[in-house]
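The values are calculated or read from the model by the stated rules, or taken from the named source; none is laboratory data. Because the structure is predicted, anything quoted here is derived from the model rather than measured. No Cβ is skipped: glycine too gets one built from the backbone with ideal geometry, and neighbour counts run over all protein chains shown.
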Amino acid sequence: MTIDGIDAYMAYGVTLREDGFNALASVPSFKSLPSNNWHEYDGVEVDLTAPVLDSRRVVLSFNISDVRKLADLRTDLEQGAEHTIFFSAPLRTVLKARLYSMDSLATHLRLGYFTLTLIEDTYSLVAADLAQITPCPYVQGVSLDGHDLAEYGWLVLRGTEVTFLQWPAVKENHYTKQQYEAGIKDYDMSHVRFAEKEATLKVHSRASAAEFWKRHRCLFGVLTAPGVHQIRLDNLSQWHNCYYGGSSVTKFAIGADGELWCDIDIRLRLLGA
């Protein structure tokens, strides 16, 4: 790992912790989207003609061999706001971000570990073509825009289906509520409409770094593209129009063979509830 071209271990005694780089595979959510929430209809109406990704908050954890060198690291990170961090094999990725905060620090003698939050102001996602992906050998029965998740190189994890089965909240109808009267009066009992529903697509991929990042850019390139997308679940006989609502990486690890293992929870907002 290098920071602005400087070897982080040689200069500061800093190495990336094994469990400390989940955020490198995260993709930020959209900035606020124009929408209408009609009481007469389920869900919301959202303008998806030109969605824009927000900045990305990246939390990284590090080991340090001599905590006295934290001062040197701080001095160099003060030289300009944005810094370029290159993660060598097997991660093989680059982060351009600014320091936001040191969230934690623990020490024992001169050893220590610490956590930094960095902000990537302009997150860039260059979509990969589906034809470049090595598919998983097993059909998943869950498809995105007409292609099984296996074609994108991702396996669907347990716990996905239950989030699609769960009911959304109910929209409140018109009613009267007087300060000097108990309870609610004249609630409109004529109909029930549901609020926007969010479901979670839980996925896993295991591949070499080159293949993993292609799979990652392909899947999220589709999800973050303008327009409405369609998710289909064969086991539930369900299909939904949806759009990307954000993601969280629950596991990102390097296997003994150097392959990257990654589990991601992708939040999908379902249109029409």
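Below are the figures for this structure:
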quantity	calculated
Residue check, residue 193 among the charged types (D, E, K, R) and closer than 21 Å to residue 260 by Cα	no
From the options 18, 40, residue that is charged (D, E, K, R), farther than 27 Å from residue 209 by Cα and not in a helix (DSSP H, G or I)	40
Qualifying residue in segment 131-138 (condition: of a type outside the set (Phe, Trp, Tyr), surrounded by fewer than 19 Cβ atoms within 10 Å (Cβ to Cβ) and under 21 Å from the mean Cα position of the chain (by Cα))	no
Segment 231-243 residues that are farther than 21 Å from residue 221 by Cα, paired with ones that are of a type outside the set (Asp, Glu) and in a loop (DSSP other than H, G, I, E, B) (beta carbon under 8 Å, 6 or more apart)	234/141; 235/141
Boolean, residue 252 is crowded, with 20+ Cβ neighbours inside 10 Å and part of a helix (DSSP H, G or I)	no
Leading residue by the ranking (farthest from residue 43 (Cα to Cα)) among those in segment 143-193 that are among the polar types (S, T, N, Q) and under 24 Å from the mean Cα position of the chain (by Cα)	143
Subset of segment 3-34 that is among the hydroxyl-bearing types (Ser, Thr, Tyr) and touching a helix residue (DSSP H, G or I) at 6+ places or on another chain (Cβ under 9 Å) - its residue that is farthest from residue 249 (Cα to Cα)	12
Of residues in segment 22-69 being among the aromatic types (Phe, Trp, Tyr) and modelled with pLDDT of 95 or more, the one nearest to the chain's Cα centre (by Cα)	30
Hits in segment 21-33 (condition: surrounded by 11 or more Cβ atoms within 10 Å (Cβ to Cβ) and assigned to a loop (DSSP other than H, G, I, E, B))	21, 26, 27, 28, 29, 33
Residue 106 being at pLDDT 95 or above and over 24 Å from residue 246 (Cα atoms)	yes
